[in-house]
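Asks: The following block contains the structure, expressed as structure tokens.
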Amino acid sequence: MAKPVIAIVGRPNVGKSTLFNKLIGERRAIVEDTPGITRDRIYGETEWRGRRMIVIDTGGIEPKTDDLILSKMREQAQIAIDTADVILFVCDIRTGLTADDEDIGLMLKKSGKPIIPCINKSDRVGNVAPEFYEFYSLGFEAEPIPLSALHGSGSGDVLDAVIDILPDFESEEADSDVINVAVIGKPNAGKSSLINRILDDERLIVSNIAGTTRDAIDTYTENKYGKFNFIDTAGIRRQSRVDDRIEKYSVLRAKMAIERADVCIIMIDANEGCTEQDEKIAGLAHEAGKASIICVNKWDTVEKDNGTTNKFTKKVYDSLSYMTYAPLLFISAKTGQRVDKLYEHIKYVHNQSMMRISTGMLNDVLADAVARVQPPSDKGRRLKIYYMTQSAVAPPTFVMFCNKAELFHFSYQRYIENCLRTTFGFKGTPIRMIVRQKGENDG
């Protein structure tokens, strides 16, 4: 299940960044008593009552301003609002309910998202100040919550309120038979063109201007291969080029699309080859544990001879050496070349990522692997692997119990992983390996 998203919004200098830092448990946002100090979006994670959540901090909203930076911050906050599952609307009890608070409240109501009013700087112990009750006039379904972000009081109440709202979202989870497919890559790699070709419908704006797709767009389709939800994402640029603050939200949304996906299609421009930025984008899918397919697009524009495909394949896998498990497909979104093969690949790698292997079969493979290549030793002490079991799918995750974890070198873990792949396949999916010493806590 994807992590729910909480956006913290409000006018400048009400304590949004202080609350953000309190919720994620670290000082990642700059906190300064100057309106507008948080110009860039910052996001982190928190956990409460067993649920992990993404928290987005935003710059203060000035509803009525002609200032360019402040208007950009307002746009930035709007994207955070559109992204969020729950919105924390932070107000300041010391200034009381202002006209700007009321304007922001109206903007938030239009979003249709659950809003939790958080009345910050409520430092009084016991009963809240009389000014607190005027915030009820904002008219949100959720009751205002008094808190002091600086001292931490009330932050638990805020997270409780968020968790109490989230089950409604869980019950609306998409059909479990639907495979969510995130199409990721650099700007102008042909992501929207690919989805339009798949759906035979000009449903997405296709342009050769990098950055046309600001948001992640969902498109559902159903065919003989199954049910699919394609998520078209904004192209991810190099960080040094992400100077447009709205685009920083687009990068966040692309990362969140990967988080939400079952399968990632990594789009590479055949004319540019596999660049350093492609390596970083593919790395996001790999680190997230997502089944993946590498699609080399615009293959129709490349001059070829008998060895072109093999040479290009080798270059891609040399660059993405951590991802040689992912199948590679040469396509043209423009002409439709090999696009029809995508559904089979998507279904296949998804099934591979969901594969479960019995403990008995795993330990047969382990015994054979250990017999062929002896485990490493150090200072006369040799690694002993007692047994292995599978603890999770998507990605397939294996726990190996041994006598001394520090002897279990990465190279031997990779060897065991290769043995698993040789025997069971796991094509298109990363594999996670967890090493535990005997007697170590299983939890």
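Asks: In the range 331-376, what residues are outside any helix (DSSP H, G or I) and of a type in the set (Val, Ile, Thr)? I'd like the intermediate steps shown before the answer.
Replies: Initial filter on the range 331-376 (outside any helix (DSSP H, G or I)): 331-338, 354-358, 373-376.
Within the range 331-376, Ile331, Thr335, Ile357, Val373 qualify.
Asks: All but one of (1) part of a loop (DSSP other than H, G, I, E, B); (2) open to solvent by 60 Å² or more (accessible area, probe 1.4 Å); (3) at pLDDT 95 or above hold for Val125; which doesn't?
Replies: Tallying (1) part of a loop (DSSP other than H, G, I, E, B); (2) open to solvent by 60 Å² or more (accessible area, probe 1.4 Å); (3) at pLDDT 95 or above, Val125 fails exactly one: (3).
Asks: Do we find a residue being within 12 Å of Val365 (Cβ to Cβ) and either of a type outside the set (A, V, I, L, M, F, W, C) or assigned to a helix (DSSP H, G or I) (or both) anywhere in the range 390-403? Step through it out loud before you land on a result.
Replies: Within the range 390-403, the first condition is being within 12 Å of Val365 (Cβ to Cβ), and the residues that meet it are 390, 398, 400.
Add one more test, that the residue is either of a type outside the set (A, V, I, L, M, F, W, C) or assigned to a helix (DSSP H, G or I) (or both), and what stays is 390.
Looking for residues that are within 12 Å of Val365 (Cβ to Cβ) and either of a type outside the set (A, V, I, L, M, F, W, C) or assigned to a helix (DSSP H, G or I) (or both), one finds at least one in the range 390-403, hence yes.
Asks: Against the conditions (1) surrounded by 15 or more Cβ atoms within 10 Å (Cβ to Cβ); (2) not in a loop (DSSP other than H, G, I, E, B); (3) not acidic (Asp, Glu), where does Ala326 fall short? Just the number, please.
Replies: So Ala326 meets the others, but not (2).
Asks: Considering only the range 274-310, how many residues are open to solvent by 10 Å² or more (accessible area, probe 1.4 Å) and closer than 16 Å to Ser332 by Cβ?
Replies: 8
Asks: Also, quick follow-up: Considering (1) within 20 Å of Ala261 (Cα to Cα); (2) touching a residue at least 40 places away in the same chain (Cβ under 8 Å), say which one Val316 fails and leave the rest.
Replies: Tallying (1) within 20 Å of Ala261 (Cα to Cα); (2) touching a residue at least 40 places away in the same chain (Cβ under 8 Å), Val316 fails exactly one: (1).
Asks: Which members of the range 393-416 meet the condition of being out of contact with any Leu (no Cβ under 7 Å at 6 or more places or on another chain) and open to solvent by 30 Å² or more (accessible area, probe 1.4 Å)?
Replies: Matches in the range 393-416: Val393, Ala394, Ala405, Glu406, His409, Phe410, Ser411, Gln413, Arg414, Tyr415.
Asks: Report, ordered by the first and then the second residue, all pairs with beta carbons closer than 6 Å, sequence separation of six or more or different chains, a first member in the range 269-282 that is within 13 Å of Asn188 (Cβ to Cβ), and a second member that is assigned to a helix (DSSP H, G or I) and open to solvent by less than 20 Å² (accessible area, probe 1.4 Å).
Replies: That search, which allows pairs on different chains as well, returns Ala270/Trp299.
Asks: Just name the residue that is modelled with the lowest pLDDT out of those in the range 71-88 that are part of a helix (DSSP H, G or I) and open to solvent by 10 Å² or more (accessible area, probe 1.4 Å). Give the derivation first.
Replies: Just the residues of the range 71-88 that are part of a helix (DSSP H, G or I), to begin with: 71-83.
After this cut, where a residue has to be open to solvent by 10 Å² or more (accessible area, probe 1.4 Å) as well, the list is 71-72, 74-75, 78-79, 82-83.
Numbers: Ser71: 64, Lys72: 60, Arg74: 66, Glu75: 68, Gln78: 75, Ile79: 71, Asp82: 81, Thr83: 76.
By that ranking, first place goes to Lys72.
Asks: So, one more: With hydroxyl-bearing (Ser, Thr, Tyr) and in contact (Cβ under 8 Å) with a residue 60 or more places away in the chain as the only criterion, which of Tyr348, Tyr386 stands out?
Replies: Numbers: Tyr386 fails: in contact (Cβ under 8 Å) with a residue 60 or more places away in the chain.
So the residue among Tyr348, Tyr386 that is hydroxyl-bearing (Ser, Thr, Tyr) and in contact (Cβ under 8 Å) with a residue 60 or more places away in the chain is Tyr348.
Asks: Within the range 91-122, track down each residue that is within 22 Å of Lys22 (Cβ to Cβ), of a type in the set (Val, Ile, Thr) and surrounded by fewer than 20 Cβ atoms within 10 Å (Cβ to Cβ).
Replies: Thr95
Asks: Mind listing just one residue for me: the one in the range 417-443 that is modelled with pLDDT of 95 or more and part of a loop (DSSP other than H, G, I, E, B) and, of those, most open to solvent (accessible area, probe 1.4 Å)?
Replies: Only one residue tops the list, namely Lys427.
Asks: Count, please, the residues in the range 319-345 that happen to be closer than 22 Å to Ile195 by Cβ and touching a residue at least 40 places away in the same chain (Cβ under 8 Å). Before you say what the answer is, go through the steps one by one.
Replies: First pass over the range 319-345, keeping only residues closer than 22 Å to Ile195 by Cβ: 326-345.
The next check asks that each one be touching a residue at least 40 places away in the same chain (Cβ under 8 Å); those that pass are 326-327, 330-331, 333-334, 336, 339, 342-345.
Residues in the range 319-345 being closer than 22 Å to Ile195 by Cβ and touching a residue at least 40 places away in the same chain (Cβ under 8 Å): 12 in total.
Asks: Let me ask something additional. Is it the case that Lys298 is out of contact with any Pro (no Cβ under 9 Å at 6 or more places or on another chain) and on the phi > 0 side of the Ramachandran plot? Spell out the reasoning first.
Replies: Numbers: out of contact with any Pro (no Cβ under 9 Å at 6 or more places or on another chain): yes; on the phi > 0 side of the Ramachandran plot: yes.
The answer is yes for Lys298.
The values are calculated or read from the model by the stated rules, or taken from the named source; none is laboratory data. Every value quoted in this text rests on a predicted model; they were computed, and no experiment measured them. Because the Cβ atoms are built from the backbone with ideal geometry, glycine has one as well, and the counts that use them run over all protein chains shown. When the accessible area is computed, the model is the full protein with side chains, heavy atoms only, and any ligands, DNA or RNA have been set aside. Shrake-Rupley method; radii C 1.70, N 1.55, O 1.52, S 1.80 Å.
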